[in-house]
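Right, one structure below, let's go through it.
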Amino acid sequence: MEDIPAVQINHLVKEFPSPFRKTKIRAVDDVSLTIMPGEVYGLIGPNGSGKSTTMKALLGLLRPTAGSCYVFGKNSLKTDSRQEIGFLPENPYFYKHLSGEETLRFYAKLCGMRGKALNNHVDKMLEMVSLQDARKRRVGGYSKGMLQRIGLAQALIHEPRLIILDEPTAGVDPVGSREIRDLIVQLKDKGVTVFLCSHLLEQVQEVCDHVGIIFNGKIVKAGPLEDLIAIEDQTEILIKDAGPRTLARIKAVIADSENADFISMGKPRTTLERLFLDEAKKSNATTMTADQKGGDRA
Amino acid sequence: MKVFYFLGVFAVLMLAASFFEMPWSRTTEDSAEQELIVLKSTAMGAMAMFSILFAIAATALLIPKDLEDRTLYTILSKPVPRLDYLIGKLAGVLILVTVSLLLMNGLLSIILHFKTEELLLVEMAKAEAHGWSAEHLELRLSAVAQQGVTWTLQAGIGAILFKAMVMASLALLISTFSSSTLFTIVIAVVIYFMGHFTEDARNYWLHSQSGGVSKEVKLMTQGIALIFPDFQLYNIIDSTIEGKKVPQGIFTRLAILTLFYSGIYSVLAWFTFRKKEF
Ligand SMILES: Nc1ncnc2c1ncn2[C@@H]1O[C@H](COP(=O)(O)OP(=O)(O)OP(=O)(O)O)[C@@H](O)[C@H]1O
Ligand SMILES: [Mg+2]
């Protein structure tokens, strides 16, 4: 429907001065990416590859060395571009002397909410992240998972159209991280655009429809998840509760057909993980052989 | 929270000071006034020290603390202009300083009031004993009352608040480019002390350059005076302790000067903070 991208990053470069050398650290190197409204985009990459830096530039917390970032068509260096963004930083932390409820009220006020609307929103958010029982407790005493959830609530308080999550499930137990994942799916159903980064490839695969892989500040692969992980000439059949006889008969059917070959049978894999590791290998190979042969095996 | 501990200490100090009998007390003619002045100068010295140190330290801690906690990320990623963030933080500190000054002022006024009443009675008793004339008694009573709770005293406390306000905005400015809290505090304190000599330094400089002072030099000294606040005018705090009247005009000028300094420092703070990266 809408054709203004929710996120548009054009040739973003971000350099940090390095204290001891003349050369600068290039944390983000010519990254371009576009996220359309309603998409769930997952940025994956190893530690220090520039994921958080990209997100900070998109939020106007950092000024690009070169290139530009736009959020719904507004330059991210302008304050009003943030009207539409909710942000959950990595390892969020809040004023520890405030209670969970006060924290949310504080952020709601920052977004310009007042009076009844504010109260309603705060209640709604506390319920959504199931922190009603802890609403009067000081945030200083919250567990890591609770901090992450209050962080999510804070990011969503003004019902933004775009939500940026920096490792939303870091340090959260499996149950908690499943809840967070369900929440992301819920948001997606409501049409909210999600931009997240994570190391947990399984989870990225489950919720994201678009994926970008970033290494040393460069996007090495990007596109719709389906395209990235599909192996064109193969078909996967998923069967629940199949007994040995059923499996034997399926194998027999495949053996009977003229050009189909049976390859393997087993539990489904996290194919994104395989893709990620492949890319990691390739990226390492190119950086290692680059100065010897100038070769490119990718 | 630590603010309230200080207020507690202040209260104890005040009560102690009011019951403490000065060794020389009631020997000379004006001992009653002296006693009140000692009480006031103890209290107002403590008030000034507290509010100025608090203004510097609390403001210096604001941004580093938010950055360390990463609360700054969540705050600045909301549609909040950076200027609003700075002003909000500064206002928070100033409100805290104002409230604690009001509380301390209240306590001081109550104690001072009762002390003055007591001393007035003593004077009247003396008058009866020594058979003072009506005029003499009248004179003594008004001299004592002048050292009691007066508007002048309130003006002095207002000046303390003004001074704290200037120092808070200065500390805010320094903290926007300083990389450590300690540096901010030390520089702010140094500038604070220098601020008491700005006028002297400028005069000395201008006089030592006998003959023609060039326009450039004049501009430069004026520029320095802008960066380093000139606290000369704030000396009315001391005169109010001694019960001297402060003309309305001086107080108004002081208010304007304070707004001017705070405004300049806040604008400069915004200029550096606007482009800052996190
Ligand atoms: N303020 C800064 N000053 C100097 N260098 C920085 C700064 N911020 C980030 N960097 C460098 O930029 C690179 C990218 O950092 P970034 O935080 O974006 O990585 P990341 O992909 O988020 O890693 P992680 O998965 O560990 O969160 C790193 O090498 C880091 O050291
Ligand atoms: Mg990161």
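Here are some notes:
- Segment B:241-278: number of residues that are more than 14 Å from chain A (Cβ to nearest Cβ) and acidic (Asp, Glu): 1
- Every pair of residues 6+ apart whose Cβ atoms lie under 9 Å, when the first sits in segment B:247-275 and is among the hydrophobic types (A, V, I, L, M, F, W, C) while the second is outside any helix (DSSP H, G or I) and surrounded by 15 or more Cβ atoms within 10 Å (Cβ to Cβ): B:LEU254/B:VAL246; B:LEU257/B:PRO229; B:LEU257/B:ASP230
- Residue that is farthest from B:ALA171 (Cα to Cα) [pool: residues in segment B:65-80 that are touching a helix residue (DSSP H, G or I) at 6+ places or on another chain (Cβ under 9 Å) and more than 7 Å from chain A (Cβ to nearest Cβ)]: B:LEU72
- Condition met for B:THR98 (modelled with pLDDT of 90 or more and either surrounded by fewer than 20 Cβ atoms within 10 Å (Cβ to Cβ) or of a type in the set (A, V, I, L, M, F, W, C) (or both)): yes
- Single residue of segment A:202-217 satisfying the filter (closer than 21 Å to A:LYS282 by Cβ and within 16 Å of ligand 1 (Cβ to nearest atom)) that is surrounded by the fewest Cβ atoms within 10 Å (Cβ to Cβ): A:ASN216
- Residues that are more than 13 Å from ligand 1 (Cβ to nearest atom), assigned by TED's automatic domain parsing to the domain that holds A:THR193, in contact with a Gly (Cβ under 7 Å, 6 or more places away or on another chain) and among the small types (Gly, Ala, Ser) occur in segment A:59-78; there is at least one.
- Filtering segment A:25-56 to residues that are more than 9 Å from ligand 1 (Cβ to nearest atom) and loosely packed, with under 14 Cβ neighbours inside 10 Å leaves only A:SER32.
- In segment A:6-23, of all residues being free of Cβ contacts under 8 Å to residues at least 24 places away in the same chain and assigned to a strand (DSSP E or B), the one that is farthest from ligand 1 (Cβ to nearest atom) corresponds to A:PRO17.
- Restricting attention to segment B:81-92, the residues that are away from chain A (no Cβ under 12 Å) and either touching a Phe, Trp or Tyr at 6+ places or on another chain (Cβ under 8 Å) or at pLDDT below 90 (or both) add up to 1.
- The residues listed here are A:LEU183, A:LEU156, A:LEU152, A:LEU165; of these, the one that is under 16 Å from the mean Cα position of the chain (by Cα) and within 16 Å of ligand 2 (Cβ to nearest atom) is A:LEU165.
The values are calculated or read from the model by the stated rules, or taken from the named source; none is laboratory data. Computed from a predicted structure; not experimentally measured. Using ideal geometry, Cβ is built from the backbone for each residue, glycine included, and neighbour counts are taken over all protein chains shown.
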